[in-house]
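As structure tokens, the structure follows; a few thoughts come after it.
The values are calculated or read from the model by the stated rules, or taken from the named source; none is laboratory data. Here the structure is a predicted model, which means the values were calculated and not measured. Glycine also receives a Cβ, built like all others from the backbone with ideal geometry; neighbour counts cover every protein chain displayed. Calculation scope for accessible area: heavy atoms of the full protein, side chains included, ligands and nucleic acids excluded. Shrake-Rupley method; radii C 1.70, N 1.55, O 1.52, S 1.80 Å.
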Amino acid sequence: MTVVVPSAARARGFGETFYTTDLTVANTGEEPATLQLKFLGNDVDGREGPERSYSIAAGESRTFPDALMSVFG
């Protein structure tokens, strides 16, 4: 299954605000699953973007706080 997150942020806002995106993924199946995250970028052809893989056990979930920084640096 492929799922696209249409937008993610890591940016300063007005005043002292700062916006980030947390991503939570759940494996509702009965077998371990491999999650592949790919950064498509902004205003670029995302086919060459960096990818990361993670294993998620059956029935487990995983949260990536500030996903752009914690996953892709």
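Over the chain, accessible surface divided per residue gives 81 Å², non-protein components excluded, 1.4 Å probe. The phi-based Karplus calculation (6.51 cos²θ - 1.76 cosθ + 1.60; θ = phi - 60°) puts the 3J(HN,Hα) values of the range 52-69 at 9, 10, 9, 9, 10, 5, 4, x, 9, 10, 9, 10, 10, x, 6, 3, 4, 7 Hz, whole numbers, x for Gly and Pro.
Give the carbon-plus-sulfur fraction of the accessible surface of the chain in %, rounded to a whole number; probe 1.4 Å, heavy atoms of protein chains only. C and S fraction of accessible area: 51 percent.
Working note: Karplus 6.51/-1.76/1.60 with θ = phi - 60° gives the range 2-12 the couplings 10, 10, 10, 8, x, 7, 8, 10, 8, 8, 6 Hz, where Gly and Pro are set to x. Over the chain, what is the mean sequence separation of C-alpha contacts under 8 Å (at least six apart), divided by residue count, expressed as relative contact order in percent? After rounding, I find 35 percent.
Label zone (ALA9, point 7 Å along Cα-to-C-beta; backbone nitrogen cut-off 20 Å) within the range 32-73: 39-44, 64-73. For chymotrypsin sites (Phe, Trp or Tyr not before Pro), the sites in the range 1-30 that DSSP calls loop and that have at most 13 other Cβ atoms within 10 Å are PHE14.
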